[in-house]
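J.: My questions will all concern the structure given below.
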Amino acid sequence: MVKHYRKPPSKRSRTAHRGVVAAAEMDQPAAAELQTMWKSRKLWTSILLFVLLFITPGFASPKRPSQNPEPDPLPTFGSQGRRFRVVTNDTVVLPCDVINPGVFILAWKKGIAVLTAGSTKVSPDERIRLVDGNNLEIRDIQTNDAGNYVCQIATMKPREISHTVEILVPSRIKSVTSGGNIDTKKDSMIKLNCEADGNPVPNITWTRKNNVLPNGERNATGDTYIIQSATRHDAGLYICTAYNDVGQPAEQTITVNILYPPEIEVERVWVHSGEGNEALLVCIVNAEPHAEVSWYRDTLKLDTNERRITEVRGSRHTLIVRKVQASDFGNYSCVADNVVGKSRAYVELSGKPNPVKINSNKNGRHQNNYNISWSVDSYTPIEEFKLFYRKVPLPDESPADTRTQYQWPKKPPTRNDNEGYGNSPIYGYNSMRNEWNDVILPAVPSEQFTHRMSYNIRGLDTASEYEAKVMAKNRFGWTPMSDVFKFVTSATPEIDAEARDLGSTSSYNGFTKRSYNVIIFVVFTTLYFAFNTIV
């Protein structure tokens, strides 16, 4: 026997059934009223469903377009994307002018981060806010604020503009070589480095305080400056300057110290003095680090006493000898010593005269003779002079060339030729052409510090070039030879006189110039009185 199972009635059916049963159990008027209410409830439910489906936007079925549609205009931007270059700590305002914004929401974004949405600020950064509508303001700009900022309208197909913010950072020097202090030895290569940053990237310039750079230039550019082989003159303060046209330039100084053994420069290698006078022996000593300086007489180290003292002023080291005695004359040396090395320089203290200085005019006034004059400084009286002279050899002549044209030594001058000197000169000469002629002249006694002398050289060739040099002697010895002095004899005779030694007079055909003047005076005086008598 097949059993048939019926599906259990639904909850709604059971409810309706109970309602029907209940209605059946009621009296007829009550049941009719209940059915009316049920139908009214279904009616209002149908009306509400109709409203939701066909009237409420978003649930209604799309309307068919009319014959002449007028779509609502979409929002557009009244500003364009720009690049903003802002210095740190300044404020920037990014514009976002929207035309016909409608009900669409506007948002500011940086990368994936949303800064604002509509009028609501999303970012927790207190420096960011909206101003004058939709413009984005960023205060106290920092380097991490650089980037692209997007103003976006949330349409079906989003519209946006983008602003780029570039942060300008003033120059800053991050590091320099050895922290700004370099100690190196002489002849070493020095590399100066200067690392700087900023935006834009700064340019680096090298200068030297109160001096030019070792290559002679006033400045150089680049991150690195190299000194190939350092000398003591390269020591000093080097300045690294970084600048990128933002704010103020950044500077840092590097001190360069060149370590080198003492270098000594003698102010005068030969110092003249006299008994009872004072003498100064000076050495200029440069060294890094500082050098100790000692003075020696030959090999004996000198101690200071009341007559011999030392003085130091900067790099200038002086040995002062007071009330010089003859025993003080000799060879001295200054010795400088530091951890790098040791140096010595020599000075001679002498009672001999200073070198002779020739003071004559280089162009002679006469054809066959020349008056040469000179002076010499000496604390001790001069005893005699020695004069050397010769005709200047031609370029292709040698001193031993007997073919050269040269003035042979003339007859030795007599006492009358050099009257006024007290003694006749001793005139010596050589037998070969191009050799020096020498004349020994006794000095005129004088107590002056500067001694002067002159001599008339005779028997010279006309319009010829000669050279001369002189030595002087006192009781301590001869001076070094003077510098060579060149002179030229005249090509034409002098009109008024024939020169004589030291103040001699000239003559015309046997008459002296003075006699000639006297005769002229007498003649004119006679004519003058004769004329007045006739009148």
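J.: Across the stretch 95-203, how many lysine pairs, 8 or more apart or on two chains, come within less than 25 Å at their alpha-carbon atoms?
T.: 6
J.: A further question on this structure: Multiplying the sequence separation of Arg475 and Arg85 by 0.36 nm and subtracting their Cα-Cα distance, what value in nm do you get?
T.: Working it through step by step, the gained length comes to 131.5 nm.
J.: Hey, for a label at Asn219 modelled as a point 7 Å past Cα toward Cβ, could you say which residues of the stretch 242-274 have their backbone N under 17 Å away?
T.: Hits in the stretch 242-274 for Asn219 at 17 Å: 242-254.
J.: Tell me, what ³J(HN,Hα) does each residue in the stretch 232-246 have, in order and in whole Hz, if you take phi through Karplus 6.51 cos²θ - 1.76 cosθ + 1.60 with θ = phi - 60° and put x for Gly and Pro?
T.: The phi angles translate into 5, 6, 8, 5, x, 9, 9, 10, 9, 10, 10, 8, 9, 6, 10 Hz.
J.: Out of residues 5 or more away from Val444 or on other chains, whose amide H comes under 5 Å of its own, with H placed 1.01 Å from N in the peptide plane?
T.: Amide H to amide H, under 5 Å and 5 or more residues apart or across chains, Val444 pairs with nothing.
J.: I've got another one for you. Please compute the volume of the convex hull spanned by the alpha-carbon atoms of the stretch 275-394 and report it per residue in Å³.
T.: Per residue, the Cα convex hull of the stretch 275-394 comes to 200 Å³.
J.: Please list 3J(HN,Hα) in residue order for the stretch 78-83, calculated via the Karplus relation 6.51 cos²θ - 1.76 cosθ + 1.60 where θ = phi - 60°; whole Hz, with x for glycine and proline.
T.: Working through the residues one at a time gives x, 10, 10, x, 9, 10 Hz.
J.: I want to check the label-to-label distance for Arg297 and Thr155. Put each point 7 Å from Cα in the C-beta direction and report it in nm to one decimal.
T.: 11.0
J.: In addition: Return, for the Cα atoms of the stretch 87-241, the radius of gyration and Dmax in Å, separated by a comma.
T.: My reading of the Cα-based Rg and Dmax gives 25.6, 80 Å.
Coordinate-derived values only; no laboratory data. Everything quoted here is computed from the prediction, not taken from an experiment. Heads up, the Cβs are rebuilt from the backbone with ideal geometry, glycines too, and the neighbour counts pull from every protein chain shown.
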